[in-house]
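Worksheet: one structure, shown below.
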Amino acid sequence: PKSVLSRRSIYFDLDKYEVKDEYRDLVAAHAKYLVANRGFKMLIQGNTDERGSREYNLALGQKRADAVRRVMTVLGVKDNQVEGVSYGEEKPKNAGQDDSAYAQNRRTDLVYQGE
């Protein structure tokens, strides 16, 4: 639980998909692990809050997953080790309808194959 690898969510600002500086070390740690373990694969799940149309949220979730994926591949992860998928607003972490809940839902989740 104390390992940086136990952290699996990267959060985004409203309507944004750039990986914030505060999450760069987290993404780098997972990338380093994947580079050292070429047989492992990861699914990067892009999520949004419920605001916006279904189509917009699916597109934004995909852009978030792709942004994290790009950072990982720049750090040496092979393309076939990481896949990005968007769930849009379909998998909220917090079902509330306030700014705090929305902030928890604007994220990507890093899921290793077999989890």
Practice prompt. Filter segment 54-70 down to residues that are crowded, with 21+ Cβ neighbours inside 10 Å and not small (Gly, Ala, Ser) and give me whichever is nearest to residue 37 (Cα to Cα).
Written response: 69
Worksheet item: For residue 95, all conditions in the list (1) open to solvent by 70 Å² or more (accessible area, probe 1.4 Å); (2) of a type in the set (A, V, I, L, M); (3) touching a helix residue (DSSP H, G or I) at 6+ places or on another chain (Cβ under 6 Å) hold save one; what is the number of the exception?
Response: (3)
Worksheet item: If residue 21 passes every condition in (1) open to solvent by 50 Å² or more (accessible area, probe 1.4 Å); (2) within 22 Å of residue 87 (Cα to Cα) but one, which one does it miss?
Response: (2)
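The values are calculated or read from the model by the stated rules, or taken from the named source; none is laboratory data. On a predicted model such as this, the values are computed, not experimentally measured, just so you know. Here the Cβ is made from the backbone with ideal geometry for all residues, glycine too, and neighbour counts use every protein chain on show. These accessible areas exclude ligands, DNA and RNA; they are computed on the full protein's heavy atoms, side chains included. Shrake-Rupley method; radii C 1.70, N 1.55, O 1.52, S 1.80 Å.
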